[in-house]
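Below is one structure, written out as structure tokens, with a few remarks after it.
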């Protein structure tokens, strides 16, 4: 499965239509407006004093997609300004490519891009599919398509086996062979009952056998109608459909979980198991509330961005709120989480922000830890754990908003079984989080205090 989340279909002018050109003065005004948006984010964060979550923030061209490389060292963005690749830690620009829609392949070796071709008098003539080597940026394949006669939105995804490019307009899906550039299938009958479609999304299954396609109509009008369908990539037949969810969605890295919009006023997101075809949870809220979303690598967290906040982090085991990162006036239209869970990258318009992720470097480690008991009389938490190797440990306690309450204890712990009593103070009843950190692993545990 692709290592990105919430990639919206990218709007481009239709084939044969005139592409608007801007004067130098109009370009200057657009840049000023985008700069003011990004400056507003910086000012609001500084004003609130909440700068600890931001690693860097920059003004760039309009961004429609963001994605970390497989080793998290680079960030790929694409939009009207083309592909831009940044170094993760520094934010320095490494490379530019012309494609307006792009993504890394599932194995990280390729970049697939889609570029609009403009002819005389700014007429849209067609689209180029480009395949690049992700290490050298050498162009390996180039195919020109003259389809999409009336398309107002065009987007692409590369199958995990690197054999097929799927291109979607608002009415047609094209399955294109990567090796030859030939169109293997032009599919039109995948949900005509849903038109006019206002929002849509699609991604391949992890095994490349299915294309997951989701639509939502009458978006934000209170009577939205959605549909999620699974298209067999060999027979091109719809093998499964569900009308209780629809719109933009994101897949977990292993492809087993899908977080999707619903069209309902009171349910923002539903979690769907792609193997059992069952809805396993939901998060309340208005459908217009969520603008982008993404899973952490280990499926421990789901991150949502909305018109109300820039990022809200939920625990997937019970969908309880873990932390909110709020920058007044800002939200992401696209986001991704690094594979090591250290960072969130988000884009909106001409702004690109790298955030620290609270669950930094959470990994599945061999160390076992058991919460034995909470003693409300002594306000202490007793934990028992087994260490495979001796290490330094820090015990930190957070409230439900993600605010650090106390650095409970730190020290060196020897290999073997350890029992530790942590004094957490006279806290009110509620949900808290114990975070145990070492130079080898970080783990977070939910603590419920009842008095």
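Just a few scattered comments:
- Being assigned to a strand (DSSP E or B) and modelled with pLDDT under 90 is a description that does not apply to residue 132.
- Close pairs (8 angstrom Cβ cut-off, 6 or more residues apart or separate chains): on the phi > 0 side of the Ramachandran plot in region 118-147, assigned to a strand (DSSP E or B) anywhere: 121/18; 122/18; 126/117; 126/144; 126/145; 137/95; 137/97; 137/111
- Residues within region 271-288 that are buried (at least 18 other Cβ atoms within 10 Å of the Cβ) and either at pLDDT below 90 or outside any strand (DSSP E or B) (or both), tallied: 5
- The C-beta contact set for region 327-346 (first residue under 12 Å from residue 294 (Cα atoms) and assigned by TED's automatic domain parsing to the domain that holds residue 91, second residue at pLDDT 90 or above and part of a loop (DSSP other than H, G, I, E, B), distance under 6 angstrom, 6+ apart or interchain) comprises 338/72; 339/72.
The values are calculated or read from the model by the stated rules, or taken from the named source; none is laboratory data. Note that the coordinates shown come from a computational prediction; the quantities given were computed from them, not determined experimentally. When we count neighbours, we look across all protein chains shown, and the Cβ atoms used for this are built from the backbone with ideal geometry, even at glycine.
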